[in-house]
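Here is the structure we will look at.
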Amino acid sequence: FKMQEAAEHNMKMHPMWQGPLTVPGGDHQSPIDIVVRKSVFDSELKPLVIDYDPKTCQQIWNNGYSFLVEYDDTTDKSTLKGGPLQDTYRLCQFHFHWGESNAWGSEHTVDRRLFPAELHLVHWNSDKYSLFEEAVMEENGLAVIGVFLKVGKRHEGLQKLVDALPAIRHKSSVVEFNRFDAACLLPTNTDDYWTYHGSLTTPPLTESVSWIVMKQHIEVSHDQLAVFRSLLFTSAEEEVQKSMVNNFRVQQSLCGRTVRSSFT
Ligand SMILES: NS(=O)(=O)c1ccc(C(=O)NCC(F)(F)F)cc1
Ligand SMILES: [Zn+2]
């Protein structure tokens, strides 16, 4: 029920989230609830091949919806392939979604289970397209890895990122951020995942995403998550400061799609 309150709160407070509930004619929208017993094991799904180069990390900034860590994607230095993917995809950024409380915050759910936050590692198909902006409009343009966060022990690798957040409290603030190895945010087991075809979860909500949602979560501390919540949706000039929380989209209907699993 509380999550429903948060979703309604979202609709009221953040006009951006009042965007189209579903894109006109959009029947491959994200996020979704992953119903484990309805997912179909696919033995053809390969292990993911994730090869990130920390040297391609460039900056961290507050875009007014979340905070993004951006990578230099002008060469195939940080790539994702394998899994359900036919081509090579380049890492361009990662970001998170979280709640105002630990009771909710993730975009995807597993058998309706909510997590306090969700990490999205965003990649685009560099075999077929030459720019992210092109790929974002195409059917198999993007691949996003989703990783659930649970509150528990402190995540040592995340701390470097947490320490940078106070410098980007307001919308549009940017700071240089180098040598961050995004691979440290992946769970130990990346062989077990669910995959389905969906969309961006923020406007323009284009249906260009091969979603790869990890079965295993990562743990971060309560204090680390509290720093996420100290960020602001608003820019330094705005008089009313709004804390950046509940920046998740409500779940969308599956519309007959099948969620495949890489594990039994
Ligand atoms: N939350 S999500 O689905 O991983 C997600 C990933 C990327 C973008 C994004 O790049 N929007 C900017 C664009 F593409 F120009 F519209 C939005 C949402
Ligand atoms: Zn996202």
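For the reader, a short list of remarks on this structure follows.
- A Cα-only calculation for the chain places Rg and Dmax at 17.3, 55 Å.
- Estimated at 0.36 nm per residue, the fully extended path between V175 and K242 surpasses their Cα-Cα distance by 22.0 nm.
- Computed over the range 74-185, the percent of Cα pairs more than 16 Å apart is 67.
- Dipole moment magnitude, nearest 20 debye, the chain about Cα centre, only Lys, Arg, Asp, Glu C-beta charged: 760 debye
- Computed over the Cα atoms of the range 219-264, pair by distinct pair, the Kirkwood hydrodynamic radius stands at 14.5 angstrom.
- Net charge contributed by nearby residues that have their C-beta within less than 11 Å of K81 (K/R +1, D/E -1): -2
- Calculated translational diffusion coefficient of the range 160-206 (4 °C, 1.567 mPa s; Stokes-Einstein with Kirkwood radius over alpha-carbon pairs) equals 90 µm²/s.
- Calculated P(r) of the range 25-141 - Cα pairs past 17 Å, %: 66 percent
- Packing rank of 252-264, 180-192, 68-80, where each peptide gets the mean count of other beta carbons within 10 Å, highest leading: 68-80, 180-192, 252-264
- Short to long, the 10 Å bins of the Cα pair-distance histogram for the range 166-235 hold 15, 27, 45, 14, 0 percent of all pairs.
- Among R37, R179, R90, the largest mean-square fluctuation in a Gaussian network model of the chain, built with springs joining Cα atoms closer than 10 Å, belongs to R37.
- The Kirkwood radius of the range 129-264, taken over pairs of alpha-carbon atoms, gives through the Stokes-Einstein law at 20 °C and 1.002 mPa s a diffusion coefficient of 123 µm² s⁻¹.
- Each Lys or Arg adds one and each Asp or Glu takes one away; over the other residues whose Cβ falls under 9 Å from the Cβ of V110, this sums to +1.
- Label-point separation in nm, D87 to V49, each point 7 Å along Cα→Cβ: 1.6 nm
Readers should treat all values here as calculations from the given coordinates under stated rules, not as data from a laboratory. Because the structure is a prediction, the values reported are computed rather than measured. Methodologically, a virtual Cβ is constructed for each residue, glycine included, from the backbone with ideal geometry; neighbour enumeration extends over all protein chains shown.
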